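Heads up: the structure comes next, in structure tokens.
The values are calculated or read from the model by the stated rules, or taken from the named source; none is laboratory data. Computed from a predicted model, the values in this text were never measured in an experiment. Backbone-built Cβ (ideal geometry, glycine too); neighbour counts: all protein chains shown.
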Amino acid sequence: MSPPFPTYTSGHSTFSGAADAVLTVLLGENVSFVASNDRQPAPGQRPIASEKVLFREFASFASAANEAGRSRVFGGVHFEFDNSAGLEAGRAIGRLVAGSIMRRTIL
């Protein structure tokens, strides 16, 4: 069943693309990292067994954003054109923010 919201563009892809652009400007390209998820819906259900924790390794913020966007396509929530348009828009917004607003704040 499709969710009750517009498909174009993917908000998930847009947010992911923006985060990719900002983090890449601030920290550089090809910054590898590991993300974890314990699959528990509430903080009160911790601690959990370590074997239930899932780990994802990424070679860059761009690869994480690409995977996040594709997850919405694989999940049947969006089409690929929603994903690619969202990533493109998000990255443009992220570069704008990092290039103008954040640099003035940080420097």
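Miscellaneous remarks
Residue-by-condition table, conditions (1) basic (Lys, Arg); (2) in a loop (DSSP other than H, G, I, E, B); (3) modelled with pLDDT of 85 or more:
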residue	(1), (2), (3)
Pro6	no, yes, no
Thr14	no, no, yes
Gly17	no, no, yes
Asp20	no, no, yes
Leu26	no, no, yes
Glu29	no, yes, yes
Gln40	no, yes, no
Ile48	no, yes, no
Arg56	yes, no, yes
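- Scanning segment 71-88 for residues that are touching a helix residue (DSSP H, G or I) at 6+ places or on another chain (Cβ under 9 Å) and farther than 12 Å from Thr7 by Cβ returns Ser71, Ser84, Leu87, Glu88.
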